[in-house]
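S.K.: A single structure is presented below for examination.
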Amino acid sequence: MRVKVINALGEVMLLPEELALQGWPMEADLPGVEIGGHDGQVIDAGMIRLKPRTIRIMGTLQGLSKDDADRIREMIAGFVYRANPLRLYRHELSERYMLVHAESIDHAYITGRYGGRLFNLNIGFRAAEPFLLGTDQSVTITTASVDVNNPGTAPVSPVVTISGAITNPVITNTTTGQTLALTLALAAGESVVVDCERFTAAKGGVGVVGALDDTFLTGGFSLAPGVNAITVAGTGAPNAQIAWTPRYY
């Protein structure tokens with residue numbers, strides 16, 4: 001099967017079958033200290049992070065002529081550089097992808113009696129977010145409590161939209177112990193959108209970060225893999241939407 005790439009314009013390209021993905025390399029940064037007189041290193045578990053990934057697609061291609069070989073390279077390079085970021089799928093039937101930017105292309109002719117028709121192509125991509133991503137999910141909550149299932153294998157910080165009428169809404173994930181609380185009043189028809197990944201909040205397009213509780217600003221709000229028990233409190237009717245893209249290691 002062929003590697004599939006979707007660019008920021010929604011255009012789809014199936015790469016030539018001679019090109020193959022060279023795996024999903026993953027590397028973690030393990031900060032810590034070495035203590036004199038003690039073996040090894042003490043790792044700070046709370047500071048461990050996944051590094052951005054470098055992903056490569058490689059293969060040997062052949063054109064009908066040297067000019068045709070150049071056109072193949074130009075077609076692929078033009079697609080992957082024209083509209084980043086790209087959704088990169090291991091093959092055309094895969095449901096999961098990595099969000100990448102094209103970083104490099106190495107186009108090397110194979111010497112010999114090939115007339116420049118045969119060449120190796122090596123495309124490098126950088127995945128700033130080092131997770132495989134799945135199908136977008138969303139859940140609308142209109143009761144005081146509900147179970148929200150995150151199908152991913154990694155935690156994810158969602159986008160939470162709270163709609164009025166409600167005053168001082170508080171959303172708690174009892175599974176993780178995290179709380180998202182705001183000190184404000186939302187009338188019927190009003191809403192506030194909180195991006196838990198970027199720690200931003202907006203009401204009608206106007207920033208209201210100052211309404212966010214310090215507990216959220218210091219501890220965040222995320223969905224753990226699997227079932228999360230969510231509660232919604234405040235003065236008024238609960239009406240919230242939680243939206244996220246599942247992450248996979």
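The values are calculated or read from the model by the stated rules, or taken from the named source; none is laboratory data. Since we're looking at a predicted model, the values are computed, not measured. Positions of Cβ are generated from backbone atoms using ideal geometry, with glycine treated the same way; all protein chains shown enter the neighbour counts. Accessible surface areas use protein heavy atoms only, side chains included; no ligands, DNA or RNA. Shrake-Rupley method; radii C 1.70, N 1.55, O 1.52, S 1.80 Å.
S.K.: If the cut-off is 15 Å between C-alpha atoms, which aspartates and glutamates fall inside it for K4, apart from same-chain ones fewer than 8 positions away?
M.R.: Leaving aside aspartates and glutamates fewer than 8 places away in the same chain, those within reach of K4 are E17, E18, E92, E95.
S.K.: Counting each DSSP H run of 4 or more residues in the chain as -39500 (n - 2.57), what helix-only mean residue ellipticity at 222 nm follows after dividing by all residues, to the nearest 500 deg cm²/dmol?
M.R.: For the chain, the value works out to -3000 deg cm²/dmol.
S.K.: With a Cα-only, solvent-free Debye model of segment 1-125, what are the log10 I(q)/I(0) values at q = 0.12 Å⁻¹?
M.R.: These q points yield log10 I(q)/I(0) values of -0.56.
S.K.: Below 8 Å between Cα atoms, with a sequence gap of 6+, how large is the relative contact order for segment 119-249 in percent?
M.R.: Normalised by residue count, the contact order of segment 119-249 is 44 percent.
S.K.: If Rh is defined by the Kirkwood formula over all Cα pairs and Rg also comes from Cα, what ratio Rg/Rh do you get for the chain? Each step should come with its number before you reach the end.
M.R.: Numbers: Rg = 23.7 Å, Rh = 21.3 Å.
In the chain, Rg relative to Rh is 1.11.
S.K.: A further question on this structure: Using +1 on the beta carbon of Lys and Arg, -1 on that of Asp and Glu, and nothing else charged, what's the dipole of the chain about the Cα centre, debye to 20?
M.R.: 660 debye
S.K.: Related question: When the Karplus curve 6.51 cos²θ - 1.76 cosθ + 1.60 is applied with θ = phi - 60°, which whole-Hz ³J(HN,Hα) does each residue of segment 199-214 get, with x for Gly and Pro?
M.R.: 6, 10, 9, 9, 10, x, x, 9, x, 9, 4, x, 7, 6, 6, 4
S.K.: Tell me which residues come under 5 Å, amide H to amide H, from G234 once H is placed; ignore anything under 5 positions away on its chain.
M.R.: V170
S.K.: May I ask for the angle, rounded to the nearest 10°, between helix 66-82 and the longest principal axis of the chain, with both axes built from Cα atoms and the value confined to 0 to 90°?
M.R.: 10 degrees
S.K.: Run the numbers on the chain and let me know its relative contact order in percent, using alpha-carbon pairs under 8 Å that are six or more apart.
M.R.: 19 percent.
S.K.: Something else: For segment 48-206, what is the accessible area per residue in Å², given a 1.4 Å probe and the full set of protein chains?
M.R.: In whole numbers, segment 48-206 has 50 Å² accessible per residue.
S.K.: Below 13 angstrom from the Cβ of F216, what's the summed charge of the other residues (Lys, Arg +1; Asp, Glu -1)? Present the calculation step by step, with values, prior to reporting the outcome.
M.R.: On the way: positive: R198; negative: D195, E197, D213, D214.
Every neighbour counted, the sum reads -3.
S.K.: Which one, P130, I105, S65, projects farthest toward the positive side of the charge dipole computed for segment 59-133 from Cβ point charges (K/R +1, D/E -1)?
M.R.: S65
S.K.: Rounded to the nearest Å, what's the spacing between the alpha carbon centres of segment 45-64 and segment 79-146? Just the number, please.
M.R.: For segment 45-64 versus segment 79-146, the Cα centre distance is 9 Å.
S.K.: Ignoring any ligand, DNA or RNA, what whole percent of the accessible area of the chain comes from carbon and sulfur when the probe is 1.4 angstrom? Don't skip to the answer; put the middle values down first.
M.R.: Values: 6670 of 13100 Å².
Using a 1.4 Å probe with all protein chains present, the chain comes out at 51 percent carbon and sulfur.
S.K.: If each residue of separation counts as 0.36 nm, what is the full-extension length gain between R82 and N168 once their alpha-carbon separation is subtracted?
M.R.: In short, 26.4 nm is gained.
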